């Protein structure tokens, strides 16, 4: 099995938004970061994968089997969690585990307890008593306990403090270490992807504008901070901002020589800089007066 998950030309139309031929693949060993600004279609895509939203056309397969025709079988191998756990808030982790294990043929209660111990989760705490970080760890513990080969997580690190986020990212790296499992997680926290993602899928206004390795994505761009304020180069930017004493923005990497000739040294950008300026370009951002 070379592909754990394959999404092929998915379309879903709402009155004010639509997914337009969304396509990408997730392979064993990958941590795929699914990025895009709020409202771009990340959560809708994840819900389509899990058949929580019925799409109009296209195909989704997991473990080389059609997701619709083999939904129950495939979901035995998938750990899925939306951004907030809010069901049965008055139940303890132990009580929820006893209910959850009835849905999974391979659920291993001992493994669940071991994962909770590793994550410092008190299984006698009620769900409503857990912090956001602990809820994420609970979702991961459930996934590990039924031997999930694919984790699909919606904004798992949103709202977490830096220490909790770092712990979750360490767990993600451990999960895929043996190259037999994969993680697809949506996020707008690009610094998390800098630390752990191997691949990126970028969605903008319901369309995939990039899917591939994080390294290739970053190497396609350069960040420029021009203190000489050379306005003759403005047309070379994908998007830029003008400040009182400098211009900064994003360029394609093949434009580097023009800037070097002007005495400007472009730098490798981080994911946040790429995302900010791509969105700025696609939204045709214009300055305004307050």
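Just so it is clear, none of the values below were taken in a lab; they were calculated from the coordinates. Please read these numbers as outputs of a predicted model, since none were measured by experiment. So basically every Cβ, Gly included, is an ideal-geometry build from the backbone, and we count neighbours across all protein chains shown.
Exposure proxy check: 125, 75 ranked by fewest other beta carbons within 10 Å?
Numbers: 125 14, 75 18.
Arranged by neighbour count, lowest to highest, 125, 75 become 125, 75.
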Exercise. Hey, what angle do you get for helix 132-145 against the long axis of the chain, alpha-carbon based, 0 to 90 degrees rounded to 10?
Worked result: 60 degrees
For this session: Could you sort 174-180, 235-241 so that the peptide with the highest average Cβ count within 10 Å comes first and the rest follow in order?
Result: 235-241, 174-180
For this session: State, in angstrom, two size descriptors of region 147-290 derived from its alpha carbons: Rg to one decimal place and Dmax to the nearest whole number.
Result: 17.9, 58
Exercise. Bin by bin, in steps of 5 Å, what percent of the Cα pairs in the chain do you find, going until the bin that has the longest distance?
Worked result: 1, 5, 11, 14, 15, 14, 13, 9, 6, 5, 3, 2, 1, 0
For this session: Averaging sequence separations of C-alpha pairs under 8 Å and six or more residues apart, then dividing by the length of the chain, give the relative contact order as a whole percent.
Result: 21 percent
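Report D for region 1-63 in µm² per second (integer): Stokes-Einstein, Kirkwood Rh on Cα pairs, 25 °C, 0.890 mPa s.
Details: Rh = 12.2 Å.
Rounded, D is 201 µm²/s.
With the cut-off at 1.5 for a/c, could you classify region 220-282 from its C-alpha gyration tensor as rounded, prolate or oblate? Display every interim value, and only then the final one.
Numbers: a/c = 1.65, a/b = 1.23, b/c = 1.34.
Verdict is oblate for region 220-282.
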Exercise. Between the helical axis of 162-175 and the dominant principal axis of the chain, each derived from Cα atoms, what acute angle in degrees is found, rounded to the nearest 10?
Worked result: 70 degrees
Exercise. By how many degrees, between 0 and 90 and to the nearest 10, does the Cα long axis of helix 271-282 differ from the longest principal axis of the chain?
Worked result: 70 degrees
Exercise. Once every DSSP H run of n ≥ 4 in the chain is given -39500 (n - 2.57) and the sum is divided by its residues, what mean residue ellipticity at 222 nm do you get, rounded to the nearest 500 deg cm²/dmol?
Worked result: -9000 deg cm²/dmol
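If you average the sequence gap of Cα pairs under 8 Å that are 6 or more apart and divide by the length of region 1-143, what percent do you get for the contact order?
Details: 167 pairs, mean separation 30.1, N = 143.
Reported relative contact order: 21 percent.
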